[in-house]
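What follows is a set of notes on a single structure, which appears directly below.
The values are calculated or read from the model by the stated rules, or taken from the named source; none is laboratory data. Just so it is clear, the model here is predicted, and its values are computed rather than measured. Ideal geometry is used to build each Cβ from the backbone, glycine not excepted, and the neighbour counts take in all protein chains shown.
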Amino acid sequence: MKVMNPTSTCYYPSMRIAHLSDLHLFPEGALWTSGMFNRRLLGAFNLVLVRNGVHSIDVARAAVREVVEQKVDHTVITGDLTNLALESEFRLASEVLAPLGGYERLTIVPGNHDYYAPVAVHAGAFERWFGPTLWGKDGKSGEWPVVKDQGDIVLVAVRTAMIPPVTRAWGLVGKDQLLKIRRVIDEARGQGKDTLVFMHHNLHHRGFVQEKLGRLVDKSEAAEMLADAGATLVLHGHDHREHEMVLTGERGEGAGTLVVGCGSTTTGLSGRGRPGRFNIYTIEDGNVGIERWRYLASQKRFLPLAE
Ligand SMILES: [Fe+2]
Ligand SMILES: [Fe+2]
């Protein structure tokens, strides 16, 4: 697989796709709203003690502004829009992301934080707010994976978020989705189309503690299937640092499946720590080009990395 540098290579891509992730938006005052108990209370402590001020609504708005300006064909968000799956967090995320459009231009998969509280999952909170980006206007189908045929590229949205044991952030693709994803990729390949698969949880190893607490339970099966089937590009979130790797499958043709985590989009407001980030991919005939955008606190905006 050829990774091109769009800043120095002049060509006309068939499709440009923006990738944002792990926004963790939190409206002021939400901590004191009702409904926080058990799992949410643990999360609230984590949020206040560890994450306070790390993720910024202003940086999220700056990312959305830039993506709109870039006139991409589609935007993919790989989960963790919220922290505690509170209604007020979903409302804020919905308002911040509104300029990106609906079903035709935007697809969002849930992260473990969007399924944080069992009561919110059972009530279908994420699906109520963002189902229309997955299943169209009525947002009712509820079937996974979600497949959007974009002509030369097929988008495959996968749900890995689940209700894990308390203090765990595990994810699962599951046998049913694995089978269906394989079928979609095989069919697309047969038609000469590229496939872009995206999910919240990462496929790489993040270290002992992170794997113990927040791994994709069927990571090996998922990675093997995606590589064997020959997915063109796999996008994920969950790891707030960016990560890239190439998986090579049994067919051994081409240069493999490129797997990219863009990192968290909403960090770095103060200029300290990691700057917020998002990527824009160009995909054409199996080739993937990556533009890496970073938040520049001094200019209060995102700029592309020169490479
Ligand atoms: Fe996250
Ligand atoms: Fe996550």
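When the residues of the stretch 84-123 are filtered to those that are within 14 Å of ligand 2 (Cβ to nearest atom) and among the hydroxyl-bearing types (Ser, Thr, Tyr), which remaining residue is surrounded by the fewest Cβ atoms within 10 Å (Cβ to Cβ)?
Selected residue: Tyr115.
Just checking, how many residues over the stretch 204-217 are surrounded by fewer than 15 Cβ atoms within 10 Å (Cβ to Cβ) and among the hydrophobic types (A, V, I, L, M, F, W, C)?
Qualifying residue count, the stretch 204-217: 3.
Considering only residues that are under 18 Å from the mean Cα position of the chain (by Cα) and not charged (D, E, K, R), look in the stretch 218-230 and name the one that is surrounded by the most Cβ atoms within 10 Å (Cβ to Cβ).
Filtering first and then ranking leaves Leu226.
Suppose we keep only residues that are assigned to a loop (DSSP other than H, G, I, E, B) and modelled with pLDDT of 95 or more within the stretch 163-181. Which one would you say is surrounded by the most Cβ atoms within 10 Å (Cβ to Cβ)? Full working, then the answer.
So in the stretch 163-181, the residues assigned to a loop (DSSP other than H, G, I, E, B) come out as 163-170, 172-174.
From what is left, the residues that are modelled with pLDDT of 95 or more are 172-174.
Values: Leu172: 18, Val173: 24, Gly174: 18.
Restricting to residues being assigned to a loop (DSSP other than H, G, I, E, B) and modelled with pLDDT of 95 or more, the top hit is Val173.
Given the criteria within 15 Å of ligand 2 (Cβ to nearest atom), in contact (Cβ under 8 Å) with a residue 12 or more places away in the chain and outside any loop (DSSP other than H, G, I, E, B), does Phe130 qualify? Can you show your working first?
Details: within 15 Å of ligand 2 (Cβ to nearest atom): no; in contact (Cβ under 8 Å) with a residue 12 or more places away in the chain: yes; outside any loop (DSSP other than H, G, I, E, B): yes.
In short, no.
With respect to Thr195, is the statement that it is surrounded by 19 or more Cβ atoms within 10 Å (Cβ to Cβ) and in contact with a helix residue (DSSP H, G or I) (Cβ under 6 Å, 6 or more places away or on another chain) true? Spell out how you get there, then give the answer.
On the way: surrounded by 19 or more Cβ atoms within 10 Å (Cβ to Cβ): yes; in contact with a helix residue (DSSP H, G or I) (Cβ under 6 Å, 6 or more places away or on another chain): yes.
Considered against the rule, which asks whether it is surrounded by 19 or more Cβ atoms within 10 Å (Cβ to Cβ) and in contact with a helix residue (DSSP H, G or I) (Cβ under 6 Å, 6 or more places away or on another chain), Thr195 comes out as yes.
Cβ-Cβ distance below 6 Å, separation of 6 or more or different chains: which pairs start in the stretch 86-112 with a residue that is over 20 Å from Thr160 (Cβ atoms) and end on one that is within 16 Å of ligand 1 (Cβ to nearest atom)?
Pairs found: Leu92/Leu25; Val96/Ala60.
Filter the stretch 179-209 for residues that are without any contact (Cβ under 8 Å) to a residue 12 or more places away in the chain and either in contact with a Cys (Cβ under 6 Å, 6 or more places away or on another chain) or within 16 Å of ligand 1 (Cβ to nearest atom) (or both) and give the result.
Within the stretch 179-209, Gly207, Val209 qualify.
Which is at pLDDT below 95 and hydrophobic (A, V, I, L, M, F, W, C), of Val119, Val146, Val76?
Values: Val146 fails: at pLDDT below 95; Val76 fails: at pLDDT below 95.
After applying the criteria, what remains is Val119.
To keep it simple, each residue is scored yes or no on (1) among the acidic types (Asp, Glu); (2) modelled with pLDDT of 90 or more; (3) within 22 Å of Leu196 (Cα to Cα).
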| residue | (1), (2), (3) |
| --- | --- |
| His24 | no, yes, no |
| Glu28 | yes, no, no |
| Gly35 | no, no, no |
| Leu106 | no, yes, yes |
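How about the stretch 231-248: which of its residues are more than 16 Å from the chain's Cα centre (by Cα) and crowded, with 22+ Cβ neighbours inside 10 Å?
If the condition is that a residue be more than 16 Å from the chain's Cα centre (by Cα) and crowded, with 22+ Cβ neighbours inside 10 Å, then Ala231, Thr232 are the ones that fit.
Pick out, from the stretch 224-307, the strands (runs of 3 or more DSSP E) lying fully within it that include 1 or more residues that are within 16 Å of ligand 1 (Cβ to nearest atom) and in contact with a helix residue (DSSP H, G or I) (Cβ under 7 Å, 6 or more places away or on another chain).
Values: elements: 233-236, 243-247, 257-261, 277-284, 287-296, 301-304.
Once the strands (runs of 3 or more DSSP E) in the stretch 224-307 are filtered for at least 1 residues that are within 16 Å of ligand 1 (Cβ to nearest atom) and in contact with a helix residue (DSSP H, G or I) (Cβ under 7 Å, 6 or more places away or on another chain), what remains is 277-284.
Looking at (1) more than 18 Å from the chain's Cα centre (by Cα); (2) within 16 Å of ligand 2 (Cβ to nearest atom), which is the only condition Gly268 fails?
The one condition Gly268 does not meet is (2).
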